[in-house]
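Only one structure is covered here, and it is reproduced in the block below.
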C-alpha cells in the first residue's frame with residue numbers, strides 16, 4: 001500500500017509544479033484526527049489549510065473539466081486526483097485510522 005501512496009504523493013507534487021526534485025525529501029506523513037492537521041516533511045499543515053487546498057483543487061477541476069481541450073482535461077484530472085486524495089485522507093482519519 002505504501003508504494004501506491006508514494007506514487008500518489010509524487011503525482012500531486014508534479015501537479016503542483018514541484019516535480020522530482022523533492023522526491024528524495026518526502027518522508028512519512030501523519031494525519032492527526034483530533035487536530036485535523038497533517039504532519040509531513042517537518043511541517044504542520046492545519047485543518048484550515050487542508051480545507052483550503054481541497055477547495056482550490058475542486059474549483060480548478062471544475063473550471064478545466066468543462067473546457068474542450070485535451071490538455072485542460074488532463075490537467076483537470078490531476079486536480080481531481082488531488083481533491084480526492086485530500087478527501088480520502090481526511091475521511092479515513094474520521095473513521096479512526098491515521099494515515100502514515
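The values are calculated or read from the model by the stated rules, or taken from the named source; none is laboratory data. Worth saying up front: this structure is predicted, and the values here are computed from it rather than measured. Cβ coordinates were reconstructed from backbone atoms using ideal geometry, including for glycine residues, and neighbour counts include every protein chain displayed.
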**Item:** The listed residue being under 21 Å from residue 89 (Cβ atoms), modelled with pLDDT under 95 and within 11 Å of the chain's Cα centre (by Cα), out of 9, 26
**Value:** 9
**Request:** Would you mention how many residues in segment 27-37 are part of a strand (DSSP E or B) and touching a residue at least 60 places away in the same chain (Cβ under 8 Å)?
**Result:** 3
**Prompt:** What do you reckon, is residue 38 out of contact with any strand residue (DSSP E or B) (no Cβ under 9 Å at 6 or more places or on another chain), within 17 Å of residue 90 (Cα to Cα), surrounded by 14 or more Cβ atoms within 10 Å (Cβ to Cβ) and modelled with pLDDT of 75 or more?
**Reply:** no
**Asked** Residue check: is residue 59 at pLDDT 95 or above, farther than 23 Å from residue 7 by Cβ and assigned to a helix (DSSP H, G or I)?
**Response** yes
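Rundown of residues vs (1) modelled with pLDDT of 95 or more; (2) touching a helix residue (DSSP H, G or I) at 6+ places or on another chain (Cβ under 9 Å); (3) under 20 Å from residue 14 (Cα atoms), yes/no style:
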{"residue": "31", "(1), (2), (3)": "no, yes, no"}
{"residue": "44", "(1), (2), (3)": "no, no, no"}
{"residue": "52", "(1), (2), (3)": "yes, no, yes"}
{"residue": "85", "(1), (2), (3)": "no, yes, yes"}
{"residue": "90", "(1), (2), (3)": "no, yes, no"}
**Residues located in segment 64-74, provided they are surrounded by 13 or more Cβ atoms within 10 Å (Cβ to Cβ) and free of Cβ contacts under 8 Å to residues at least 12 places away in the same chain** = 72, 73
